[in-house]
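The values are calculated or read from the model by the stated rules, or taken from the named source; none is laboratory data. Model, not experiment: these values are computed from the prediction. Note that we place each Cβ from the backbone using ideal geometry, even for glycine, and neighbour counts take in every protein chain shown. Ligands, DNA and RNA are excluded from the accessible area calculation, which covers all protein heavy atoms including side chains. Shrake-Rupley method; radii C 1.70, N 1.55, O 1.52, S 1.80 Å.
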Amino acid sequence: MWGGRFAAGPDAIMEAINASIGFDRRLAPQDIAGSRAHAAMLAATGIISDSDAEAIREGLLTILSEIEAGTFPFSTALEDIHMNVEARLKELIGEPAGRLHTARSRNDQVATDFRLWVREQIDALDEALVALMRALLAQAEAGPDWVMPGFTHLQVAQPVTWGHHMMAYVEMFGRDRGRFADARARMNECPLGAAALAGTSFPIDREMTAKALGFDRPMANSLDAVSDRDFALEFLSAASICAMHLSRLAEELVIWSTAQFRFVTLSDRFSTGSSIMPQKRNPDAAELIRAKIGRILGATVSLFVVMKGLPLAYSKDMQEDKEQVFDAADSLMLSLAAMEGMIRDLTVNREALEAAASAGFSTATDLADWLVRRLGLPFREAHHVTGALVAKAEAKGCDLPELTLEEMREVHPGITEEVYDVLGVHNSVASRTSYGGTAPEQVRAQIARWKEILG
């Protein structure tokens, strides 16, 4: 490959550290697609003959079929997917294979391949996110009025509904879809034709290759085209946020499925047993999803560190970009599929949810709001009165609705029998009718909105 510049071949250690074919073989379909587009453009602009372009096209299709059949002879000595394909093409068609690399470099070639691969991953991840969101919508639709405790600091705060809680994750994953879509739009520019770093003196048509590969336009600066890995960093950043959302949901599933909570039961398909304790049902799928954020965020940090000190244009450090992205994409896709399965199969214990919602003085805020509305107290005074009533109930060992009217009036004489209307959890959630609130009518409206968005 190096021609006449070097008198000796690389040392075995140099060959091992330099080769990337062990992982960049995943770019084979994108590499062949890019080469086909490039060859067609070279012929259209008269740089190579139509007969050479046709031979190249047929040879590349043969190589693709060999790769898909698992019979392609990958070679570490040929370093990467680009040289492996080119060497095999020469074996198949002879001299015309040498014309394929006219007016391009491996620098713009790999940048193009990698963008194509990440773009396809974003499309696949979007489908997986939609599937998960539909599973969450189905859960929300089943229980828009099932009361459950809402938590802050993992302490009972106010009653909410099961549907409202599920819809919170629909919103999160909806934002993840938006981030991936934004990243896809920004990365959809074609580096091909930038050559090594300065462009080329051949009369190429970069608009033609960009269009053939589904890009919106060619990249406008040849240095930037071969240097840029923002698209990979943005993909990893969006993947990290999405994985964090999955981890939060996984954590809740782990907590909710314990004997202490009993809010949900995970299906046998997404649980495991213990080798020594026969009663155990372990939420291993949720725990593994919870851990995947470490790998994905680690890949993000790793690529940032690789890129942060590199001068323009291409440096070999950038070969370390693909393994991180491949692993992160695989981890996220698997996590989304597992979470979608868990949510679809989830059995909800409505009685346990309601019992927990009624505990822990969860309607204390409703009481404070009632004191403001009915008695005209400033909220801070109402807050103080409610706190005193909570302390009284706590000392008595009961919940707020179990205090007698006389006991309540000992704290504030203006309290009337009407107060009991707001102390029930169902009344509490029904009253939260502000836009985005937990009232069942609001939850149903949001379910309908998202079903329309997802189609």
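Do we have any residue at all in segment 360-381 that's in a loop (DSSP other than H, G, I, E, B), open to solvent by 40 Å² or more (accessible area, probe 1.4 Å), more than 30 Å from C242 (Cβ to Cβ) and in contact (Cβ under 8 Å) with a residue 12 or more places away in the chain? Give the derivation first.
As a first pass, look at segment 360-381 and keep what is in a loop (DSSP other than H, G, I, E, B): 360-363, 376-378.
Those left that are additionally open to solvent by 40 Å² or more (accessible area, probe 1.4 Å): 360-361, 376, 378.
Retained after the next criterion (residues that are more than 30 Å from C242 (Cβ to Cβ)): 360-361, 376, 378.
With the extra rule that they be in contact (Cβ under 8 Å) with a residue 12 or more places away in the chain, the set shrinks to 360-361.
Scanning segment 360-381, I find at least one residue that is in a loop (DSSP other than H, G, I, E, B), open to solvent by 40 Å² or more (accessible area, probe 1.4 Å), more than 30 Å from C242 (Cβ to Cβ) and in contact (Cβ under 8 Å) with a residue 12 or more places away in the chain, so the answer is yes.
Does T386 count as part of a helix (DSSP H, G or I) and at pLDDT below 90?
It is false that T386 is part of a helix (DSSP H, G or I) and at pLDDT below 90.
Based on what the data block shows, is L353 buried (at least 16 other Cβ atoms within 10 Å of the Cβ), farther than 21 Å from R115 by Cα, touching a Pro at 6+ places or on another chain (Cβ under 6 Å) and touching a residue at least 60 places away in the same chain (Cβ under 8 Å)?
Against the criterion (buried (at least 16 other Cβ atoms within 10 Å of the Cβ), farther than 21 Å from R115 by Cα, touching a Pro at 6+ places or on another chain (Cβ under 6 Å) and touching a residue at least 60 places away in the same chain (Cβ under 8 Å)), L353 does not qualify.
Within the set of pairs 6 or more residues apart or between chains, which connect a residue that is crowded, with 18+ Cβ neighbours inside 10 Å inside segment 307-330 to a residue that is of a type in the set (S, T, N, Q) and assigned to a loop (DSSP other than H, G, I, E, B) with Cβ atoms less than 9 Å apart?
From residues that are crowded, with 18+ Cβ neighbours inside 10 Å, the pairs are Y314/S105; Q319/S20; K322/S20.
Would you mind telling me which numbered condition in (1) small (G, A, S); (2) more than 35 Å from the chain's Cα centre (by Cα); (3) in a helix (DSSP H, G or I) G414 fails?
(3)
Residues checked against (1) at pLDDT 95 or above; (2) within 21 Å of T112 (Cβ to Cβ):
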| position | (1), (2) |
| --- | --- |
| G4 | no, no |
| T45 | yes, yes |
| I48 | yes, yes |
| A69 | yes, no |
| P73 | no, no |
| E79 | no, yes |
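Among all residue pairs at least 6 apart or on different chains, which show Cβ distances below 8 Å where the first residue, located in segment 99-117, is open to solvent by 20 Å² or more (accessible area, probe 1.4 Å) and the second is among the charged types (D, E, K, R) and assigned to a helix (DSSP H, G or I)?
If the second residue must be among the charged types (D, E, K, R) and assigned to a helix (DSSP H, G or I), the pairs left are R99/D52; H101/E86.
I need the full set of residues from segment 213-231 which are hydrophobic (A, V, I, L, M, F, W, C), surrounded by fewer than 18 Cβ atoms within 10 Å (Cβ to Cβ) and part of a helix (DSSP H, G or I), in order please. Break it down into steps so the answer makes sense when it comes.
Keep residues of segment 213-231 that are hydrophobic (A, V, I, L, M, F, W, C), which gives 213, 215, 219-220, 223, 225-226, 231.
Filter once more, keeping what is surrounded by fewer than 18 Cβ atoms within 10 Å (Cβ to Cβ): 220, 223.
Within segment 213-231, just L223 meets the criteria.
Of everything in segment 417-449 that's small (G, A, S), part of a helix (DSSP H, G or I) and free of Cβ contacts under 8 Å to residues at least 40 places away in the same chain, which residue is nearest to A382 (Cα to Cα)? So that I can check it myself, show each step before the final result.
Of all residues in segment 417-449, those small (G, A, S) come to 424, 428, 430-431, 434, 436-437, 439, 445, 448.
Within this subset, residues satisfying the condition of being part of a helix (DSSP H, G or I) are 428, 430-431, 445, 448.
Those left that are additionally free of Cβ contacts under 8 Å to residues at least 40 places away in the same chain: 430, 445, 448.
Details: A430: 21, A445: 32, A448: 37 Å.
Among those that are small (G, A, S), part of a helix (DSSP H, G or I) and free of Cβ contacts under 8 Å to residues at least 40 places away in the same chain, it is A430.
I want to confirm something. Restricting to segment 130-173 and keeping residues that are β-branched (V, I, T) and open to solvent by less than 10 Å² (accessible area, probe 1.4 Å), which single residue is nearest to the chain's Cα centre (by Cα)?
Per the stated criteria, the residue is V170.
How about segment 115-149: which of its residues are of a type outside the set (A, V, I, L, M) and in contact with a Phe, Trp or Tyr (Cβ under 7 Å, 6 or more places away or on another chain)?
Hits for segment 115-149 are R115, D126, G143, W146.
Can you confirm whether segment 431-450 contains a residue that is loosely packed, with under 14 Cβ neighbours inside 10 Å, touching a Ser or Thr at 6+ places or on another chain (Cβ under 8 Å), under 30 Å from E287 (Cα atoms) and modelled with pLDDT of 90 or more?
No: zero hits.
Taking G193 and the conditions (1) open to solvent by 30 Å² or more (accessible area, probe 1.4 Å); (2) of a type outside the set (A, V, I, L, M, F, W, C); (3) modelled with pLDDT of 95 or more; (4) not in a helix (DSSP H, G or I), which numbered condition does it fall short on, given that it satisfies the others?
Failed condition: (1).
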